[in-house]
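Chemist: Below you'll find the structure I mean.
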Amino acid sequence: MIDLSMSGRTVVVTGGSAGIGNGIARIFAAQGAAVHVTGTRARADEYDGVDGSDLDGLQYHRLDVTQADDVRDFLVGTSVDVLVNSVGTVAYGRAEYDPAIFERVVDVNLNGIMRCCVRFRPELAAAGGAIVNVASTSSFIATPGQPAYSASKGGLVTLTRSLADAWAVEGIRVNAVAPGLVATRLTRVSREREQVYEESIRSIPLRRWGTPAEMGSVALFLASPLASYITGQVVVVDGGLTLR
Ligand SMILES: NC(=O)c1ccc[n+]([C@@H]2O[C@H](COP(=O)([O-])OP(=O)(O)OC[C@H]3O[C@@H](n4cnc5c(N)ncnc54)[C@H](OP(=O)(O)O)[C@@H]3O)[C@@H](O)[C@H]2O)c1
């Protein structure tokens, strides 16, 4: 019998305020988990009307993952079974060639996620828990317009593999989902340029962008007992985009 129930489990989704993280959080909540989500705004109601954000039934917290002290003090005393790291940022228009901007993007997408993994290691070890990081198809290919994004996502894959190896002995599994193109605030720029959008559709064998919920179902699988013998792996969820 296949049981994907998360009843009685506590899940933390960093970057769960909107977009892919929010879609992932909603899937875990629908399976009965108590779900904590984070974003950069002070209060949950500041996301009212934000595209791709539904915080109903989720417990919202402000957390900037670049602030080491805030991460260290986050949710102390709460047992946690699953940590999903969906925080991420990008700078368009070749801005990532500015070293300060490069540093900021890497600090969110890579260092910030490492801070969160280290923060919840004791709780996850106690629970025999799982981490799911949100990487990207940009983890594997050159992305000349966004060198920091690409480097941070490539680093996130090897970080996932390293932590999986290091923490297996503690009973923590660490895997990643690598989305292709998903309609969120992060990718609005590409969607609003009609020609770019049409070309992207043609380059995807399944002929459409993915949805946050489609990333959520894979994250749920990776965190569930169905994946109890899987660690250090990256599941590409891209409609076939990277087949060509
Ligand atoms: N959309 C795609 O096509 C795509 C493809 C591949 C991978 N991804 C990855 O999927 C993840 C989610 O992205 P998305 O597309 O869903 O974009 P999004 O809607 O902009 O979500 C990004 C999330 O990260 C949070 N965040 C940004 N900077 C942060 C910081 N310094 N500290 C804490 N949280 C921070 C945002 O908080 P606020 O809501 O407060 O801004 C938000 O919760 C990212 O890791 C992204 O790289 C996306």
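FYI, it's all coordinate maths here, none of it is from the lab. Predicted, not measured: the structure shown is a model, and the values here were computed from it. Because the Cβ atoms are built from the backbone with ideal geometry, glycine has one as well, and the counts that use them run over all protein chains shown.
Chemist: Ordered by residue, what ³J(HN,Hα) values in Hz, to whole numbers, does the stretch 8-18 give under the Karplus form 6.51 cos²θ - 1.76 cosθ + 1.60, where θ = phi - 60° and Gly and Pro are x?
Modeler: x, 9, 10, 10, 10, 10, 6, x, x, 5, 7
Chemist: Among the chymotrypsin sites (Phe, Trp or Tyr not before Pro) in the stretch 8-102, which ones are in a DSSP loop with at most 15 other Cβ atoms within 10 Å of the Cβ? Mind listing them? Don't skip to the end; give the middle numbers.
Modeler: Values: sites: Phe28, Tyr47, Tyr60, Phe74, Tyr92, Tyr97, Phe102; in loops: Phe74, Tyr92.
Passing both the DSSP loop test and the Cβ count: Tyr92.
Chemist: Sticking with this structure for a sec: By what distance, in whole Å, do the Cα atoms of the stretch 1-57 stretch along each of the three principal axes, largest value first?
Modeler: Taking max minus min along each principal axis of the Cα atoms, the stretch 1-57 gives 41, 17, 16 Å.
Chemist: Moving on to the next point. Below 8 Å, C-alpha to C-alpha, sequence gap of six or more: please give me the relative contact order for the chain in percent.
Modeler: 21
Chemist: At a 10 Å Cβ-Cβ cut-off, how would you order Met6, Met1, Met114, fewest neighbours first?
Modeler: Working: Met6 22, Met1 2, Met114 18.
Least to most surrounded, the residues fall as Met1, Met114, Met6.
Chemist: Please give the length that would be gained between Glu170 and Val118 if that part of the chain were fully extended, namely 0.36 nm times their separation in residues minus their C-alpha to C-alpha distance (nm, one decimal). Display every interim value, and only then the final one.
Modeler: Values: separation 52, 0.36 × 52 = 18.72 nm, distance 1.30 nm.
Going from the current span to full extension adds 17.4 nm.
Chemist: Also: If amide H atoms are built 1.01 Å from N in the plane of the peptide, which residues on other chains or at least 5 residues away come under 5 Å of the amide H of Val80?
Modeler: Residues meeting the criterion, in which the H sits 1.01 Å from N, do not exist here.
Chemist: Go ahead and set up a Gaussian network model of the chain, Cα springs under 10 Å, then flag whichever of Thr158, Thr78, Thr231 fluctuates most.
Modeler: Maximum among the listed residues: Thr78.
Chemist: Positive end of the charge dipole of the stretch 10-238 (Lys, Arg +1 and Asp, Glu -1 on Cβ, about the Cα centre): tell me which of Gly180, Ser17, Thr38 has its Cα farthest that way.
Modeler: Gly180
Chemist: Provide the per-residue ³J(HN,Hα) series for the stretch 208-217, in order, calculated from phi with Karplus coefficients 6.51, -1.76, 1.60 and θ = phi - 60°, each as a whole number of Hz, with x at glycine and proline positions.
Modeler: Result, ordered by residue: 6, 6, x, 10, x, 5, 6, 6, x, 5 Hz.
Chemist: For His61, His36, what ranking results if the residue with the fewest other Cβ atoms within 10 Å of its Cβ goes first?
Modeler: In increasing order of surrounding Cβ atoms, one gets His61, His36.
Chemist: Counting Lys and Arg as +1 and Asp and Glu as -1, each charge on the Cβ, what is the dipole of the stretch 10-238 about the Cα centre in debye, to the nearest 20?
Modeler: In debye, rounded to 20, the stretch 10-238 gives about 380.
Chemist: With N set to the residue count of the stretch 73-193, report its C-alpha Rg divided by 2.2 N^0.38 Å to two decimal places.
Modeler: Normalised Cα radius of gyration, the stretch 73-193: 1.13.
Chemist: First check a/c for the chain, with a ≥ b ≥ c the square roots of the eigenvalues of its C-alpha gyration tensor; if it is under 1.5, answer rounded, and if not, answer prolate when a/b is larger than b/c or oblate otherwise. Display every interim value, and only then the final one.
Modeler: Values: a/c = 1.39, a/b = 1.32, b/c = 1.05.
Rounded.
Chemist: A follow-up question, please. Collect residues whose amide H, placed 1.01 Å from N in the peptide plane, falls under 5 Å from the amide H of Ala33; neighbours closer than 5 in sequence don't count.
Modeler: The list, which skips near neighbours in sequence, is Met6.
Chemist: Right, something else. Spelling out what I want: for every residue of the stretch 26-40, take phi, set θ = phi - 60°, compute 6.51 cos²θ - 1.76 cosθ + 1.60 (Karplus), and round to whole Hz; glycine and proline get x.
Modeler: Computed from phi, the couplings for the stretch 26-40 are 5, 5, 5, 5, 5, 8, x, 6, 7, 10, 9, 10, 10, x, 9 Hz.
Chemist: Could I ask something else about it? Take the Cβ-Cβ distance between Asp69 and Gln195 as r, set R0 to 45 Å, and report the resulting FRET efficiency rounded to the nearest 0.05.
Modeler: My answer for the efficiency is 0.50.
Chemist: Lys/Arg Cβ at +1, Asp/Glu Cβ at -1, dipole of the stretch 10-238 taken about the Cα centre: which of Ala126, Ile230, Val218 is farthest positive-ward?
Modeler: Result: Ile230.
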